[in-house]
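What follows draws every value from the coordinates through simple rules; no lab data is involved. Everything numeric here is computed off the predicted structure, so don't read it as measured data. Methodologically, a virtual Cβ is constructed for each residue, glycine included, from the backbone with ideal geometry; neighbour enumeration extends over all protein chains shown.
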Amino acid sequence: MLKHSLQFKLSQKLSPQQIQLMKLIQLPTQAFEQRLQEELVENPALEESSKEDNYEADDYEVNTNDDDYDDYDNDHIDAQDINIDEYLSNDETPDYKYQTNNYSDDDDDKSLPFAAPVSFHQDLINQLNTFILSDDERDIAEFLVGSIDDMGYIRRTTQDIVDDMAFTQGIYTDEATVERILHLVQDLEPAGVGARNLQECLLLQLKHKTPSDSINLAIQVIEQQFDAFSKKHYDKLLQKFDVSQQQLRKAIDEIEKLNPKPGGSFDGNQKMVEHIVPDFTIRIVDGELELLLNGRNAPELHVSKDYQEMLQSYKDTSEKSSSQKDAVQFIKQKLDSAKWFIDAIKQRQETLYVTMNAIMFYQQEYFLEGEETKLRPMILKDIADMVGLDISTVSRVANSKYVDTPYGTKLIKEFFSESMTNDQGEEVSTIEIKNILQQVISEEDKKKPLPDDQLAEILKERGYPIARRTIAKYREQLDIPVARLRKKI
């Protein structure tokens, strides 16, 4: 067993192994699986058991006493001094195997085959093939397509593109030609692709639409008063274009239907969709909460039988050559690393489970009922004190892990919140206050959005005395813009 405690003080210097353990704890399930595969590739002394192997964990214990290894310098090991028996075992059983109801079988988490999608840029190239272009024009067009980012923009000046083609592709042209070809690229789908900025992107999309009074006014607004539109200075727009509120509202509705990131909506960009794999599952069984750790976090690992046999062969050899001694040193290093990694994974599992179990217990009312008003104020220190871990360790678990609950999959850090006292003297979670703030803003008159000081007054009337600056902080955390930018005409 690793002797290092998980309770680290800031004043202590972490060892490399402790740092690696902290990194393992921080990894969510998918990243952990990738890290595990990297370790299996890098260390041939570490092996993963197949599902067909029927091992019993209690039959096997690996001697991982750190004191046995501290006296050796891995770079200068006397092979005669190595106790070979410490590395040999009569079977190849995994070092541990948890098959209790603390680990989900994860049977439903299957890999589904997908048809290989056409990439965003390849789709644009395919569209270019429908144009009649000279060889030089096609080279320039394909270079421009290659300069489009995943959001659909070309974020470089025409002069930079001209220079880059000359230096990297040997294509010599001028700005006028590039601009002409760029207009062809900007005719590709989706509308708005190839724009140099948001204003041009919106204009390209508007000009692709069937002309109407609303579309024509929208084009004028974007072309002539883009800054006023961005800042929602509607009075200025009404005066500038001498139109009614209804006419301006229709034009703005057309603009708001546009896509500011045309490349991001491409159907073939499946790589942009991230599948969240829950690290934990909480179930309600007979009125009681049950916590499961995703079974993919509990791999069955063991030390390679082949490496043990190599050490046995070395032990049985009467005359030991220099090359054999070098091989034993290499084997010892790999075995030490494998044993440490197996134990680190075990500590990772224990840390994840006890931390989430404490959170589940602390927020028991919420997990049983699903009402966010039942969420208790909870900070990292509350959980750290319950489980005897360092606050930074709890933070690593909470910030990167998801839990599947009867009410949806949640990021664990969302259960943490500070507390405040309402006018009844009761401690309430800031999550509850943010929900009320969000509700008030959603019900406001969008023609006259509520500024932060008025929002503070409304919450005070509802029993939550909060300062205006705190309202501003919560609003920003909820990604809600200031009143002026929430204004609708």
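Descriptive notes on the structure:
- When each of Lys410/Lys460; Lys413/Lys488; Lys232/Lys261 is checked by Cα-Cα distance, pairs over 27 Å: Lys410/Lys460; Lys413/Lys488
- FRET efficiency for Glu38 and Gln224, using Cβ-Cβ distance with R0 set to 51 Å, rounded to 0.05: 0.35
- Label zone at Asp235, where the point sits 7 Å out along the Cα-to-Cβ direction: segment 212-227 residues whose backbone N lies under 19 Å: 225-227
- Contour excess over end-to-end distance, with Cα ends at Gln454 and Ser392 and 0.36 nm allotted per residue: 18.5 nm
- Charge sum, other residues only, whose C-beta stays under 11 Å from Lys413's C-beta, Lys/Arg counted +1 and Asp/Glu -1: +2
- Paramagnetic reach from Leu411 (point 7 Å along Cα→Cβ, amide N under 11 Å) across segment 372-400: 399-400
- Residues of segment 118-151 with amide N under 20 Å of the 7 Å Cα→Cβ point at Arg180: 128-145
- Residue (of Asn259, Ile276, Ser212) at the positive-pole extreme of segment 167-290, dipole from beta-carbon charges: Ser212
- Mean Cβ count within 10 Å, highest first, over the residues of peptides 472-481, 342-351: 342-351, 472-481
- Annotation for segment 368-466: GluC sites (Glu not before Pro) lying in DSSP loop with at most 12 further Cβ atoms inside 10 Å of their Cβ are Glu371, Glu418, Glu426, Glu443.
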